[in-house]
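Student: Quick one: the structure is below, questions incoming.
The values are calculated or read from the model by the stated rules, or taken from the named source; none is laboratory data. The structure presented is a predicted model; accordingly, all values stated were derived computationally and were not measured. A quick note on method: Cβ atoms are made from the backbone with ideal geometry, for glycine too, and the neighbour counts reach across all protein chains shown. To get the accessible areas, we keep the full protein, side chains included, count just its heavy atoms, and leave off ligands, DNA and RNA. Shrake-Rupley method; radii C 1.70, N 1.55, O 1.52, S 1.80 Å.
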Amino acid sequence: AKNGSTLTPRKGPRKMMHDICNSPVSLSEQSQLDDWNGVVHGFLSHGKKTPVHLGALLEANPNFVMGHAARGLFMIMMGRKELLAVAHEAGKIANQKLREHGGNARERGWVDALNFWLDGKPTGAIAAMEAILQDAPQDTLSAKVSHGIRFILDDGTGMRRSIERVLKAHDADHALRGYALGCHAFTLEETGDYGAAERTGLQALEYAPDDAWGLHAVAHVYDMTAQPDAGIRLIENNCAAWDHCNNFSYHVWWHKALLHMDRGELDVAMALYDTQVREDKTDDYRDIANATSLLMRLELEGVDVAGRWNELADFSQNRTDDGCVVFADLHYMLALAGADRTDAKAEMAARFARDAVEIGDMSVRYKDPGLAAMDGLNAFSEGRYNDAFSNLAAARPTMQTIGGSHAQRDVFERMTIDAGIRAGRVDQAEAILAERLSQRAGNEDRFTATRFANLADLRRIPAQ
């Protein structure tokens, strides 16, 4: 009011604000935009405060369609069955608010993505994000979500094509260029272009010093190219890139433990497990995956991990009916096998069989490679190495589709090779070991060297 008069609201479309992605959002208050930018930056940098900013924004503006869609998508990406109810609730609200208040093309696309994924079609969610990027290639957040869903489905080639389509729109003046480069670095590594991945990941850190994903991409390069010294230096000298993180920091510690293992420092890896990787006893599937795969690698090297499996199995036996992500379930199975939870293992195997006959993007993966991989892990835990090798080898051609990275799935590759060695299937185990070496561009790590030596020893032993 001015001089006691009442101002008449201006009619017409509301002014659209733009976020740090240079993309439109249906917000009108600077404080709300600040919180939304906090969500964007937090999601890209794996920061701890992402949910805090999103909660504050939805409390201040419960009609913000994209915020509800983001909440739903982020819940599904957590890969936990009980969070699907939260995602469905967010989807219901997002669709209602969209009908009542409308939304721009970007916001409608996010609701479409959520609806697809809630219907069991994450590939449809990817398509919705890509449609947004077709018209708005500067939208780093949508690019990262597309990247993240493809990672869950392990579509490395698709990840690379997607981020490369939007790189030109992320020039030196784009506030989020570093995070786009970090995504590109990871896709380069996963598609075997290790030199370019290293250069791009280090460049990403120059633009965004808190880009944990870019740092992690370079750590992957050093894992795949057997450069443990360089990997350890990278992690130790770039703490600012990951010490602000949510539980993603545990994954960085996991990488460091693997690098120490490659140097033969098994005691250091075990200490990192206790003090960092499993510092917090969470039940997040990504944390369980870090822990179970590290323990299994240590056991394969002859380390006695004592009762450490039990704590992981306590969480995992509550997940036998989860069925959200094959990658997660196979790591739960590692814990159940390690702690010899017979009933829980049987429950998990039975649920895999049920899921394999359902319809949907994940059901296809439960059928193949899920069933064979599950049988292989169970056989390995029971010392039936011939059966373990047969099943794990049968799962190998499609194992990439369970999600995760080459480094993460390598635990199953190592188990396959060791099962073959223990079963005396020398030629077949050697062939897989050679394929593993080829994927690493001929860079021989400690595991490769010791297993080739084991196979040579077996050949010198006369057949009984």
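Student: So, Lys281, is that one open to solvent by 10 Å² or more (accessible area, probe 1.4 Å), closer than 22 Å to Ala219 by Cα and under 22 Å from the mean Cα position of the chain (by Cα) or not?
Tutor: Spelling it out, it is not the case that Lys281 is open to solvent by 10 Å² or more (accessible area, probe 1.4 Å), closer than 22 Å to Ala219 by Cα and under 22 Å from the mean Cα position of the chain (by Cα).
Student: Out of Glu301, Glu311, which single residue is under 26 Å from Arg422 (Cα atoms), out of contact with any Cys (no Cβ under 9 Å at 6 or more places or on another chain), open to solvent by 20 Å² or more (accessible area, probe 1.4 Å) and of a type in the set (Asp, Glu)?
Tutor: Glu301
Student: Identify, by number, the condition in (1) more than 27 Å from Leu215 (Cβ to Cβ); (2) open to solvent by 40 Å² or more (accessible area, probe 1.4 Å); (3) among the charged types (D, E, K, R); (4) in contact (Cβ under 8 Å) with a residue 60 or more places away in the chain that Glu107 doesn't meet.
Tutor: (2)
Student: Can you report the number of residues in the range 322-342 which are free of Cβ contacts under 8 Å to residues at least 24 places away in the same chain and open to solvent by 40 Å² or more (accessible area, probe 1.4 Å)?
Tutor: Selection size over the range 322-342: 1.
Student: Name the residue, out of Asp375, Asp387, that is out of contact with any Pro (no Cβ under 9 Å at 6 or more places or on another chain) and either closer than 17 Å to Gly323 by Cα or not in a helix (DSSP H, G or I) (or both). Spell out how you get there, then give the answer.
Tutor: Details: Asp387 fails: either closer than 17 Å to Gly323 by Cα or not in a helix (DSSP H, G or I) (or both).
None of the others qualify; the one that does is Asp375.
Student: Can you list the helices (runs of 4 or more DSSP H) found entirely within the range 8-116 that contain at least 2 residues being among the charged types (D, E, K, R) and under 26 Å from Asn246 (Cα atoms)?
Tutor: It comes to 30-45.
Student: Answer yes if at least one residue in the range 64-73 is open to solvent by 20 Å² or more (accessible area, probe 1.4 Å) and in contact (Cβ under 8 Å) with a residue 24 or more places away in the chain, and no otherwise.
Tutor: Checked the range 64-73: no residue is open to solvent by 20 Å² or more (accessible area, probe 1.4 Å) and in contact (Cβ under 8 Å) with a residue 24 or more places away in the chain.
Student: Does Gly376 fit the bill of being without any contact (Cβ under 8 Å) to a residue 12 or more places away in the chain, of a type outside the set (S, T, N, Q) and within 30 Å of Ala431 (Cα to Cα)?
Tutor: No: the conditions fail for Gly376.
Student: Additional query: Test Arg451 against the stated conditions and say whether it is among the charged types (D, E, K, R) and either open to solvent by less than 30 Å² (accessible area, probe 1.4 Å) or not in a helix (DSSP H, G or I) (or both).
Tutor: Here the answer is yes, as Arg451 does meet what is asked.
Student: In contact (Cβ under 8 Å) with a residue 40 or more places away in the chain, farther than 30 Å from Thr187 by Cβ and either open to solvent by less than 20 Å² (accessible area, probe 1.4 Å) or not basic (Lys, Arg) (or both): which single residue out of Ala350, Ala407, Ala388, Ala429 fits that description?
Tutor: Only one candidate passes the filter, namely Ala429.
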